[in-house]
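The values are calculated or read from the model by the stated rules, or taken from the named source; none is laboratory data. Since we're looking at a predicted model, the values are computed, not measured. So basically every Cβ, Gly included, is an ideal-geometry build from the backbone, and we count neighbours across all protein chains shown. Protein only, heavy atoms only, side chains kept; ligands, DNA and RNA dropped before computing areas. Shrake-Rupley method; radii C 1.70, N 1.55, O 1.52, S 1.80 Å.
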Amino acid sequence: MSGAALGLEIVFVFFLALFLLHRYGDFKKQHRLVIIATLLAWYLCFLIVFILPLDVSTTIYNRCKLAVNSSPAESNGSYVTLAPSKQKCFKPWSYIPDGIMPIFWRVVYWTSQFLTWILLPFMQSYARSGGFSITGKIKTALIENAIYYGTYLLIFGAFLIYVAVNPNFNLQWNQLQTIGIAAANTWGLFLLVLLLGYGLVEIPRSHWNGAKRGYLLMKTYFKAAKLMTEKADAEENLEDIMEEVRKVSESIKYNHPLRKCVDTILKKCPTEYQERMGRNMDDYEDFDERQNSYPSEKSLAKLHKQVIYSVQRHRRTQVQWQILLEQAFYLEDVAKNESSATRQFVHTFHSQEPENKIVQYFYTPTVEWYWECLLRPWFYRVLAVVLATFSVIVVWSECTFFSTNPVLSLFAVFIQLAEKTYNYIYIEMACFLTIFFLSICVYSTVFRIRVFNYYYLASHHQTDAYSLLFSGMLFCRLTPPLCLNFLGLTHMDATISHKNTQPTAYTSIMGSMRVLSFIADGFYIYYPMLVVILCIATYFSLGTRCLNLLGFQQFMGDSEMTSDLIDEGKELIRREKRKRQRQEEGENRRREWKERYGNRDDSTRSRAVHTDQKESSFSETNANRPLSKYTRSNGRTERDRIELLQDAEPLDFNADSVNDDPLESDSGR
């Protein structure tokens, strides 16, 4: 089984990252390089989280093996061996051979750092550029990132000059590498504690509120009112941008040098706008015939960028509105079915997507009623209590992990108890649950936060390329300090435990933080205590209240603005519900009419066809007879019939008044 666990987790994590990226990104419409770069960033970060418990168990086994094979005379070497166990050490099922993990961590870490500091920022500017060629987009991306890269080069150059001039410093390449890693981890730890303090409180609270049906329904009404405002704003913005595109398309004709740029912009517009602009366009008019002021290529690139943004925003709000409607309808159905005596879950509207037959067989209306109306609230309450317990343990350990004698960090206590008996399964499960919970608290906050309309991870394939790349940057910057924080909580980091024991392979790649003692002994130890203040602020919703005071409407139960938005959203949902009901009633009537009179229509149609065949055969037989006697009369009858048909006028049902006088009607004829 050596290395098998590593291979299985590598494959599993790849499909997990691919699944999440498919949920948020759009493989068909977004650029392949954006998809590949984001997938690689997410994959490497998730891989670090899943592989680190295997590194811990392998390190504990190596310590045990070193302790058993060492004698007291050999204890003055580079490692102080632990007390040998009475029982012989045995390999864990997930043991990774020596030499694999250092190479693995080195490749994963430096690849993620290259992505987050160099490649992904460049691709962000490239994706948002409105250029019409690859060269133009690259030029725009380089110009936008010149300040970004220049700032880091300036700081690094000043640091190198200071080190070279100061005779007290004698830094080597390994120490410079460690200083660079420490600087990146310090920035990541600063952001990590902010996101962790929010997630430790918000995740248990969201699951606890998930058991309250009335709370969820009111919040859905609130979201509907806000989303309708955003949806109307997106539609208005799209109309304004399309009007500018129409003017540009009419001014720049087919033989203008910039017409290719205009055609590229038109391809990004919605189909209905393309058809409307195509009908109003005169391709035969030469652009030199009228002396107009034509836009430049730079202004067209800016317009192209605005078109991409407005179309993406409009599409996202439309999809989110439909999803929110389905969620509101379902919550209203749950509220109605709670008092059902039949204990059969009844939906107001049938699902538009075809359901799986296996799911229909097991998830019957009775099972759905018991789950939604009885079991699900209690399940969410129990889960919220478990998550709250984990949050309390994390907060306590973050405040006490620097204490080594006695050991106050609960995660370190659990790992050390398992280390005494070398229960590797328990060690790996404890490490995995710990780092998994920390990752959920941090990563879920990344998925929830929204910076206006510049960064927003929207599900159902509605996330733009800029937000996907930005999330990859955040993951790559947050994951290394997250893992170091986890190793500190479990006292597997020698910087925290102050023991000269064999370090983990991940810690050996990071280097010794003793080069910067003020960071190793100060910032890394005392800054995580700030999570207590952040948890208290999140619990009392201080950030939400501040945003509400600044004019950003937030869901607060004691706010008058929230009550008004809830009433507005409730009316919007009721209006959409009536509209959906009328549509379904119309479809049902058409279906019933077709089922009731479909056979009669078929029989009538067959009789009409049979009669036409008879008349055609009769006319063919009469055509062979002499027609001199009836030619004039038949021709006159046909002319009279044509004149009557031409004189007939259709009825005007939209007239303001109806004339009921029969004399006037006869004169009209």
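Observations on the model:
- For Ile203, the conditions (1) farther than 30 Å from Phe379 by Cβ; (2) assigned to a helix (DSSP H, G or I); (3) open to solvent by less than 30 Å² (accessible area, probe 1.4 Å) are fulfilled apart from (1).
- Counting only residues that are surrounded by 18 or more Cβ atoms within 10 Å (Cβ to Cβ) and in a helix (DSSP H, G or I), the range 335-350 holds 1 of them.
- Qualifying residue in the range 433-451 (condition: surrounded by fewer than 16 Cβ atoms within 10 Å (Cβ to Cβ), basic (Lys, Arg), touching a Leu at 6+ places or on another chain (Cβ under 9 Å) and assigned to a helix (DSSP H, G or I)): yes
- Any hit, the range 163-184, residues being within 30 Å of Val385 (Cβ to Cβ) and not polar (S, T, N, Q): no
- Selection of the range 22-31 for residues being within 22 Å of Gln320 (Cα to Cα) and either open to solvent by 10 Å² or more (accessible area, probe 1.4 Å) or at pLDDT 95 or above (or both) yields His22, Arg23, Tyr24, Asp26, Phe27, Lys28, Lys29, Gln30.
- Residue within the range 409-424 that is at pLDDT below 90 and of a type in the set (Val, Ile, Thr) present: yes
- Unique match (being open to solvent by less than 20 Å² (accessible area, probe 1.4 Å) and within 25 Å of Asn423 (Cα to Cα)) among Val34, Val49: Val49
- For the range 86-103, the candidate set comprises residues that are in contact (Cβ under 8 Å) with a residue 60 or more places away in the chain and in a helix (DSSP H, G or I); within that set, the residue that is most open to solvent (accessible area, probe 1.4 Å) is Ile100.
- In a residue-by-residue description of the range 117-126, the property of being open to solvent by 10 Å² or more (accessible area, probe 1.4 Å), in a loop (DSSP other than H, G, I, E, B) and either out of contact with any helix residue (DSSP H, G or I) (no Cβ under 9 Å at 6 or more places or on another chain) or on the phi < 0 side of the Ramachandran plot (or both) applies to no position.
Okay, residues lined up against (1) in contact with a Gly (Cβ under 7 Å, 6 or more places away or on another chain); (2) at pLDDT below 90; (3) farther than 26 Å from Arg23 by Cα:
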residue	(1), (2), (3)
Asn292	no, yes, yes
Gln318	no, no, no
Trp321	no, no, no
Tyr363	no, yes, no
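- Here Ile573 does not qualify as within 23 Å of Leu200 (Cα to Cα) and either open to solvent by less than 90 Å² (accessible area, probe 1.4 Å) or at pLDDT 85 or above (or both).
- Which numbered condition Ser471 fails, given (1) closer than 20 Å to Ile35 by Cβ; (2) out of contact with any Lys or Arg (no Cβ under 7 Å at 6 or more places or on another chain); (3) open to solvent by less than 20 Å² (accessible area, probe 1.4 Å); (4) at pLDDT below 90: (4)
- Conditions (1) within 30 Å of Ile308 (Cβ to Cβ); (2) surrounded by fewer than 15 Cβ atoms within 10 Å (Cβ to Cβ); number of the one not met by Gln554: (2)
- Some residue of the range 409-419 being crowded, with 16+ Cβ neighbours inside 10 Å and within 28 Å of Lys226 (Cα to Cα): no
- Tyr254 meets each of the listed conditions (1) touching a residue at least 24 places away in the same chain (Cβ under 8 Å); (2) under 23 Å from Ser129 (Cβ atoms); (3) open to solvent by 80 Å² or more (accessible area, probe 1.4 Å); (4) of a type outside the set (S, T, N, Q) apart from (2).
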